[in-house]
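Notes for the one structure printed next.
Derivation of every value follows stated rules applied to the coordinates shown; laboratory data play no part. Computed from a predicted model, the values in this text were never measured in an experiment. Positions of Cβ are backbone-derived with ideal geometry, glycine not excepted, and every protein chain shown enters the neighbour counts.
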Amino acid sequence: MTDQETRRATEAGADGEADAQALAERELCGLVNGLAQQIAEHVRVCAAALDLTAPQATALRELSGPMTMRELSGRMGCEPSNATFVVDRLEKQDLIERRPHPTDRRARQLVLTAKGGALRERLLELLSGESPLAALTPRQRRTLHELLQRALTKA
């Protein structure tokens, strides 16, 4: 084999590895995207069963205790102005209250009302039933969580 033939074979091998890696990444991205879509649809269905929108259900799910609008918007993965719109609607339904923050007089804390807490419990029950992740064992969920967390911290 000549030097030129060796070089071409090496380049072809490198190209083949790059193609295989690109294909694997594309497939993985497709799987993650598909799972995200299934979870979003599951949230929409559960929310509708409780006469909520998906963003309202997401806000209730994430409001695990008193927090600021900024904290809630970070958990919801949206801009604070979008979270404000959602919280305004939840407040009108007597599900959330805005209270003075205990240590920052400029901030307000979002707190579930008794009605909001009861609805959140029902929502969490619905979300855990027939979840797209229900087929995974607790150990598999932890592993998936760890892998996704690792991938996101590298991004």
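Quick look at the values:
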| item | result |
| --- | --- |
| Tilt relative to the chain, helix 114-128 - C-alpha long axis, 0 to 90 degrees, to 10 | 30 |
| Max mean-square fluctuation residue, GNM over the chain, Cα-Cα springs under 10 Å, options Ala18, Ala40, Ala135 | Ala18 |
| GNM top mover of Thr113, Thr103, Thr68 - the chain, alpha-carbon springs below 10 Å | Thr103 |
| 9 Å beta-carbon shell around Leu63, net charge (K/R +1, D/E -1) | +2 |
| GNM flexibility winner over the chain from Glu62, Glu121, Glu17 (Cα, springs under 10 Å) | Glu17 |
| Cut-off 16 Å, label 7 Å out along Cα→Cβ of Arg99, residues of region 114-133 by amide N | 114-118 |
| Entry for percent of Cα pairs over 21 Å apart (calculated from the structure that is shown) out of (1) 60; (2) 47; (3) 67 | (1) |
